[in-house]
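These notes concern the structure reproduced below.
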Amino acid sequence: MNTLVPEKDIPSHQGPDAQTVDPELDVITMAVKVPETLSHLHYWNVQLTRKATTEEVLEAFGKSSRTAFINYADGLSANNTVKELMLALNRPYGDMEVALWHDMLKWSMMNCFTPIW
């Protein structure tokens, strides 16, 4: 399969799946299927309910036991490089819950935060 296939339903299954972990999560998801066997990638646009500093947002993401910050500048520029790092760290099957590219996080003028993992 050398193509991208948009999931026709909005929200996609990822939002309801995430709500099984955090029922209070207010999320709407869209998905695109790609030819990938090692992992998958999410782009998020998070609209904050109050003003917050970059440090506060990073601290909030950092408190999760299921999130780890990584850096594009460290050569972790694609899903396969993250998978290889997890294998090198002896993670079972090379698994990682959520890798968040710290050096790719962006703020918008509307107090939105865009993490990529």
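One residue stands out among those in the range 8-54 that are closer than 30 Å to residue 87 by Cα and acidic (Asp, Glu): the one that is modelled with the lowest pLDDT, which is 36. Within the range 40-59, being part of a loop (DSSP other than H, G, I, E, B), under 26 Å from residue 71 (Cα atoms) and either touching a Lys or Arg at 6+ places or on another chain (Cβ under 6 Å) or not polar (S, T, N, Q) (or both) holds for 40, 41, 42, 44, 48, 51, 52.
Matching residues to (1) touching a residue at least 60 places away in the same chain (Cβ under 8 Å); (2) in contact with a helix residue (DSSP H, G or I) (Cβ under 9 Å, 6 or more places away or on another chain):
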position: 10; (1), (2): no, no
position: 13; (1), (2): no, no
position: 36; (1), (2): no, yes
position: 41; (1), (2): yes, yes
position: 66; (1), (2): no, yes
position: 70; (1), (2): no, yes
position: 79; (1), (2): no, no
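Return yes when residue 72 is assigned by TED's automatic domain parsing to the domain that holds residue 104 and in contact with a Ser or Thr (Cβ under 9 Å, 6 or more places away or on another chain) and no when it is not.
Values: assigned by TED's automatic domain parsing to the domain that holds residue 104: yes; in contact with a Ser or Thr (Cβ under 9 Å, 6 or more places away or on another chain): no.
When the stated conditions are applied, residue 72 does not pass them.
The values are calculated or read from the model by the stated rules, or taken from the named source; none is laboratory data. What you see is a predicted model; the values in this text were computed from it and never measured. FYI the Cβ positions are ideal-geometry reconstructions off the backbone, even for glycines, and counts take in every protein chain you see.
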